[in-house]
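For reference, the structure discussed in these notes is given below.
The values are calculated or read from the model by the stated rules, or taken from the named source; none is laboratory data. Everything numeric in this text was worked out from a predicted model, so none of it was measured. Virtual Cβ from ideal backbone geometry, glycine too; neighbours counted across all protein chains shown.
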Amino acid sequence: MISVQNLHFHYARTNIFEDFTWQAQRGETWAVLGPSGCGKTTLLYLLAGLRHPQSGEVRINGETLTRPRPQTGLILQDFGLLPWATVRQNAELGLEIRTFYGADGIHAPRNLPAVKSADAWLQRLGLGAVADKYPAQLSGGQRQRTAIARTLALQPDLLLMDEPFSALDTPTREGLQNLTLELCTEQNLTLVTITHAIEEAAMLGRKILLLGEPPNHKPAILENPGAGKPGHRNSAAYVELCKKLREMM
């Protein structure tokens, strides 16, 4: 699914990645963890095709990434909702934009069923009752679910999330973490989530990619097979993993 080979990337005189290689398979859920400035968001933008390496390559499904691909969904920390549009209009924004291009393989995937409504996702995510409200009338959790509905309506195979739950209260955050893993399993999505919170990484990532102070050469990868399973958050394995991540950071 994802293949990063011999990646080199720098800003001005700061090298972020040097000869960096990493792979992720279809359907895996990854959390990317590390201190501020280590390159977490940069890696996400490279995977999204919004930035490009100085050398090396990023391949998604065997194709070298040279631009954003229509099968990749990106959810940012601030939700990215249009304040003058309703929940339904926000959720259907991507679908509306795709109608301008048609299934050209560049802006919209070929061979996908024509979907013109996000109503099924609004219902699935518990937003049916607020579909005609505006973002300012919603809770933080409802705004985040609207952003998720907008992304899933486009039928992605890769979901990239940049600290999507950091501004939410604990019960809402934990509920959305569980929902995200459930949806990824249902849709066989590959998930890459950026986080600065050890506990969130241990909850979301069945595999955890730990970045250090740049430049990053060889990734540290920790297995976390219990992520998403009932009771994982209260398990001894979860507590031990959090302790180990703290020590490594």
What are the residues in segment 192-232 that are under 17 Å from the mean Cα position of the chain (by Cα), polar (S, T, N, Q) and over 12 Å from Glu28 (Cα atoms), if any?
Thr195
Scanning segment 57-68 for residues that are hydrophobic (A, V, I, L, M, F, W, C) and in contact with a Leu (Cβ under 7 Å, 6 or more places away or on another chain), which turns out surrounded by the most Cβ atoms within 10 Å (Cβ to Cβ)?
Val58
State which residue is nearest to Thr190 (Cα to Cα) when the search covers only segment 63-97 and only residues that are of a type outside the set (Gly, Ala, Ser) and part of a helix (DSSP H, G or I).
Leu95
Within segment 126-137, residues part of a loop (DSSP other than H, G, I, E, B) and surrounded by fewer than 21 Cβ atoms within 10 Å (Cβ to Cβ) come out as Gly126, Ala131, Asp132, Lys133, Tyr134
Take the residues in segment 69-85 that are surrounded by fewer than 14 Cβ atoms within 10 Å (Cβ to Cβ) and not aliphatic (A, V, I, L, M); name whichever of them is farthest from Thr41 (Cα to Cα).
Trp84
Of those in segment 139-166 that are aliphatic (A, V, I, L, M) and touching a helix residue (DSSP H, G or I) at 6+ places or on another chain (Cβ under 6 Å), the residue nearest to Lys40 (Cα to Cα) is Leu160
Considering only residues that are of a type outside the set (S, T, N, Q), surrounded by fewer than 21 Cβ atoms within 10 Å (Cβ to Cβ) and part of a strand (DSSP E or B), which ones fall in segment 1-15?
Ile2, His8, His10, Tyr11
Would you confirm whether any residue within segment 40-56 is among the aromatic types (Phe, Trp, Tyr) and either surrounded by 15 or more Cβ atoms within 10 Å (Cβ to Cβ) or not in a loop (DSSP other than H, G, I, E, B) (or both)?
yes
Hey, can you tell me all the residues within segment 138-175 that are surrounded by 20 or more Cβ atoms within 10 Å (Cβ to Cβ), free of Cβ contacts under 8 Å to residues at least 60 places away in the same chain and assigned by TED's automatic domain parsing to the domain that holds Gly205?
Phe165, Arg173
Looking for something part of a helix (DSSP H, G or I), modelled with pLDDT under 90 and not aromatic (Phe, Trp, Tyr) - is there at least one such residue anywhere in segment 98-116?
yes
How many residues, within segment 204-242, are over 26 Å from Leu183 (Cβ atoms) and polar (S, T, N, Q)?
1
